[in-house]
Each structure stands twice: as C-alpha cells, then as structure tokens.
1. Is it the case that some residue within the range 241-255 is open to solvent by 10 Å² or more (accessible area, probe 1.4 Å), part of a loop (DSSP other than H, G, I, E, B) and among the aromatic types (Phe, Trp, Tyr)?
2. Going by what's in this entry, would VAL34 be described as closer than 20 Å to LYS138 by Cα and either aromatic (Phe, Trp, Tyr) or assigned to a strand (DSSP E or B) (or both)?
3. Does any residue of the range 283-306 turn out to be within 19 Å of the chain's Cα centre (by Cα), surrounded by 21 or more Cβ atoms within 10 Å (Cβ to Cβ), polar (S, T, N, Q) and at pLDDT 95 or above?
4. Of all the residues that make up the range 330-372, how many are open to solvent by 40 Å² or more (accessible area, probe 1.4 Å) and small (Gly, Ala, Ser)?
5. Within the group GLY429, GLY399, which residue is assigned by TED's automatic domain parsing to the domain that holds LEU285, open to solvent by 30 Å² or more (accessible area, probe 1.4 Å), within 17 Å of ILE295 (Cβ to Cβ) and out of contact with any Asp or Glu (no Cβ under 6 Å at 6 or more places or on another chain)?
6. Going through the range 492-527 one residue at a time, which ones are surrounded by fewer than 24 Cβ atoms within 10 Å (Cβ to Cβ), part of a loop (DSSP other than H, G, I, E, B) and in contact with a strand residue (DSSP E or B) (Cβ under 8 Å, 6 or more places away or on another chain)?
7. What's the number of the condition ILE268 fails, among (1) assigned to a helix (DSSP H, G or I); (2) within 16 Å of the ligand (Cβ to nearest atom)?
8. Can you tell me which residue within the range 373-383, out of those that are open to solvent by 20 Å² or more (accessible area, probe 1.4 Å) and touching a residue at least 60 places away in the same chain (Cβ under 8 Å), is nearest to the ligand (Cβ to nearest atom)?
Amino acid sequence: MCGIVGYIGNKSAVDILIDGLKQLEYRGYDSSGVALMNTDNIDIYKAEGKLQNLADKLFMNRDKVVNSTLGIGHIRWATHGAPTVINAHPHTCNCGGVAVVHNGIIENYKELRAKLEAEGCVFRSQTDTETVAHLIAKKYSQCKNLTEAVRLASLEIEGAYAICVMHKDLPNELVVTKRNAPLIVGVGEDEFIVASDVPAFIKYTKKAVYLKDNQIATITRENLNIIDLNNNSIFFTTEVLPWEPASLSKMGYKHFMLKEIHEQPAVIRNILSGKLRSVDEDIYLDELKLDKDSIKNLSRIQIIACGTSLHAAMIGKYIIESLCEIPVDVEASSEYIYRKNVTDKNTLVIGVSQSGETADTLTAIKQAKSKSCHIVIITNRPDSAMAREADSLLAINAGIEVSVAATKSYMAQLLSFYLLALKIAETKGSADKSLLKSLKEDLILIPQKLEQILSNKDQIQQCAREYANTKDFIFIARGVNYPTALEGALKLKEISYINATGYCAGELKHGPIAMLDESMPVLAILMKGLVYDKILSNSEESKARNARMIALTNSNDVKLDLLFDFVIRVPDVQEYLSPLIAIVPLQLLAYYIAEFLGKDVDQPRNLAKSVTVE
Ligand code: M6R
C-alpha cells in the first residue's frame, strides 16, 4: 500500500505532488508528507490523518514551499509503526542529506537497522523505510553518487519496494527504483513525474515509462537514464497511455460509493454490448486465449482472489461447475501461497483482482505460472502487474472505482464469470442449449432490474434506519447466494464497523444459532429456486429464537410479511443470475447504515483500496 509521487521540472513541485497524492489516496490515507528541495536544504512537511491536513500545512507555508521545483511525496497506510508524524514519510538520514519515500515492506529491515545503529545511525521512527534512508546515505558518503548509492543499497535490501530518493546536494536529480511494487515515470516537457499509479500524473502527461523490477532510474530535468542492478544501461521505450484524465467527481452523489453503486447498470450494459451480441450467437470472448481442444481438456480450475474478489470467485465456481462440468476450487490467495498445490497442464488458474496489485494474489499467480498453468486474470486494471502475468486477460472495464468498498467492480467481476462460464459451456457443449439461451436473454434484462432497485431505494433506507444501531448483524443464504451473504456482511462491516457475518444458512444450527436473541438482526437472502424452502426453514428456526428477521427476496409470497419484520423486495430473476440482483440492496443497506452512523464511507478506517503488502 502507500502511494508515492516525485516531481522534477520547472514548475512548482508542491502543487503537483499534492495533486498526485490526492489521486493515490485509495492506497492509504493515515498520514502523508512531502520533501521539497530548497536552495541548500531539503524541507520536510508531514501531517497525521487525511491528506487535507498536509495540504493545509503547506498552504500556511506557501511562501516557503512554492518555489521548489524538485520534491517527493507520500501517502501512507501504516505497516511498521503507528500513523504518527514521526513515522510518516519522507524519511531522512541523520544529517538530513537524503530523503526517501517508500511503498512496500523491507523484510530484512531489523538486521539492517541493527547494523546501521552499530555504525552510529540514530533512528527516529519505527518504520522499515528509515533504514533505507540511512543505508543510502552511508553508501552515498562512500561513492558520492546517488544512483550508485541506491544501486548498492538495493543489493542489500530484501522485500518489496518502490522508492524515490533525493539528496540535498543534487538540485537536479531524483533517483527511483522498484521491486515487486508499482512505479511509473511520467515523461513531460522538461519535467518528469514518478508515481505509484498513472492517475497521479495523467493530467500532466500521457507519456510514460513503466519501470521493471530491479531497474534504477536517474532523472534530471532534461534526461531519464535507467540501469539494472549490475550497472548495465537499459534501453527503454516510452509508451503513450490510452488514458484520459479521469474525472473523479462524485457527480452530485454524497459519496463515491453511492455513485459507483448507481453506475452498475451502465457497467453491465457496457460489458455485454461487446461480448453478448445476440442470444443466438456464442459469447464473444476472444481474450480467452485457449483453443477448443484446450478448453475441452480442462480437468480443473483454480480461482485465487482476496476480499470481495474472492466472493465473486465463489459465485464463479458455482456457475462454472453448474454449466461446464469442470471441478473448480476457490481459495484466498494468502492461503494458496503457503501450501503445496497440485496442478497440471490441464489446470486453468484464474486470478481475480480489482486493482491487479494485491500482493497475495500476485504472488499466488506467479507461483501458478511457474508450474506452466494457463493463467487468466480478471481485473479492472489492464495495466497492472497482475495483468502482465496473464496468458488471457479479461479486463472487466468497470471504470475507476474510488470508494474503498468495492461495488461496481464486483458486479463486473461477476459478469466476467458468467460470460466465461457461458463461453466454456458453449465450447464444450456441456449445458443444455435452451438454458444457455435463457441465461443470455435474462442477462440482458439485468440492468433494467437493477435500475428498478435503485429507484426504489426508500425501502432500503428505511431498513437502514431501523437497524443501524445494532452491534452485530447476520446474513444467511444458501447455494449460489451464499457468497452474496458473505459479500453483504463484508460491505457492512468494512464501512460501518458493525460486526457482520455471513453464514450458509444450513450451518446456523451448528453453532451460530447460539448467538440469536431479540437484539440480533438476521437477514435472509431468499431468492426463488432450489434452496428457497430450505432458507425459509432456517429463517423459521431463527425467528423461533426471537431474532429480528429481514428478508431480501424476489418472491411475492405474502406469508413472508408475517415471518419477517422487514421485507426488501427485488425484481424476479432466474436463480443462476440472482447474485447480480441480490447484492445491490445489500450494498445500499451497508451504505445507508454507514451514512446514518456518520462514518467515513469512502475511506473507512484501517483500510486501503490496493493491498500491496502480504
Ligand atoms: O484489488 P483486489 O480486488 O485484489 O482487492 C481485494 C480486496 O482487498 C478487496 O476486495 C477488499 O476486500 C475491498 N475493500 C472490499 O470492498
């Protein structure tokens, strides 16, 4: 996590740094800081909390900071040490000559720190990053060359990092390097902006150089030079990015999350327009680079993901197994990487990630790739590190998602799984043709059904008001919607901090039912189909323990109004597609509860949108 920006050019650095950090707030937001080159010094400004606190501090010191044309900036998601001013980046060596910002984790920082302390360095923070500042300063004192100092330090550092370094004696030099963390150099006219992600500089330039791992770039106002760890010069190409500066406007919505929930019908229409051209034609998915025989020979699919993407993957499993007759395993990436995995050349591995940066998923994918499995990546960021590992890249095209709580990207991931399952089933002939046709017909209708839910959100607002003051919340479902219960609970807990848990309803009586009493809300996802009656029975069991019962249903059965204290009704849909419908009221419920409680909906505490540490 964390976001870094560096600027060298002829403009005032401070505004570009703050502007860039603003675009990187999704990577962390517990503290921030900048280092600015002054005539003979580096000035450091830091603040706890949101970026605005730093911006305010800089505004108060505008006269002192405005003339600097070289600087580095950082927005933090704390890994080592609390989010205090002392621990905020940039970090410096003892004489203040070197300033460093860092994204990632220095795994051997304890050993390095002990060694540097023994050599006389005095540490002020609890961070791993400060080690890098002292180490580079030591090397610089020996070789008097910042690039060489960074190269020598890189040889000793273990872990993942993107770092950006400046030295007070070098008013026309910025040195940056990376290993397993993103860093891109934006190339302008007599200026360069380096950043963890493109939105930080796209307003200023569309030209960019993607640094590769273990490359070190030396940047002056006039030039960019890249070497590798062995001091070899690297030939690089400058790409012109197909990006437009994203308007990060809330478009009149109070929060990005609410805006992004409302964008879901358009996201689905956009995806379907290219892939589902006619219900009588096969799904158009030429991004899947597997020929017919390879698809027919698939013996197994493994899907790896984290968080919300993991829940999309679980629904993907259900649909693929139902339509394609291929066994599918779904696993949290963080578990996948620490056990022996049995794969062969007929195993397809699918990584799912909104950001394409999640460290655990990236590591898991690299492991699977080393075993020669075909890798499919489903991501919202086709320019990400994970996308670069793909044999088949399924870009979900949900558009930039700002709110930390994933909503429209989840919807787009689900769509990708439906399309993939349909494509495999069509190729294999593993499902009834009339079923496949009816799924395509009904997929086309999903956006308008979501619009009905969105225009009828008063019922959900009312539910939110009635249940906002609860400490705990249980979501139950079965079958294809069990992951919907998990996702509904995750949405609620991450933005409202209510202790919400999703259960497959059949498991309730094996323990969790002990928690039920008149204070516990139980929301049952009751979509018509195979398990409807079963969930109804499980709901009766909960009602018998006096739980406060809420139904989310596409049934018009009036008996539900007797059993449940609150009934949220959604448009009818066939069971296989019901997760696309059922999740939206749960996203809204989480949103309205958090908003009612006055929480920071788009930037909930302790979280970041890109989790780039294991
Ligand atoms: O970018 P990814 O999809 O790989 O991120 C995975 C999780 O960190 C993410 O889904 C997280 O759970 C979200 N905050 C959920 O809203």
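The values are calculated or read from the model by the stated rules, or taken from the named source; none is laboratory data. Given the structure is predicted, the values throughout are model-derived calculations rather than measurements. Quick reminder, even Gly has a Cβ in these numbers, built from the backbone with ideal geometry, and neighbours come from all protein chains shown. With ligands, DNA and RNA removed, areas are computed over all heavy atoms of the protein, side chains included. Shrake-Rupley method; radii C 1.70, N 1.55, O 1.52, S 1.80 Å.
1. Taking every residue of the range 241-255 in turn, at least one turns out to be open to solvent by 10 Å² or more (accessible area, probe 1.4 Å), part of a loop (DSSP other than H, G, I, E, B) and among the aromatic types (Phe, Trp, Tyr).
2. Taking the combined requirement at face value, the residue does not satisfy it.
3. Taking every residue of the range 283-306 in turn, none turns out to be within 19 Å of the chain's Cα centre (by Cα), surrounded by 21 or more Cβ atoms within 10 Å (Cβ to Cβ), polar (S, T, N, Q) and at pLDDT 95 or above.
4. Selection size over the range 330-372: 3.
5. GLY429
6. Scanning the range 492-527 gives ILE498, LEU516, GLU518, SER519, MET520.
7. (2)
8. Just the residues of the range 373-383 that are open to solvent by 20 Å² or more (accessible area, probe 1.4 Å), to begin with: 374, 381-383.
Applying the additional criterion that residues be touching a residue at least 60 places away in the same chain (Cβ under 8 Å) yields 374, 383.
Working: HIS374: 20, ASP383: 14 Å.
Among those that are open to solvent by 20 Å² or more (accessible area, probe 1.4 Å) and touching a residue at least 60 places away in the same chain (Cβ under 8 Å), it is ASP383.
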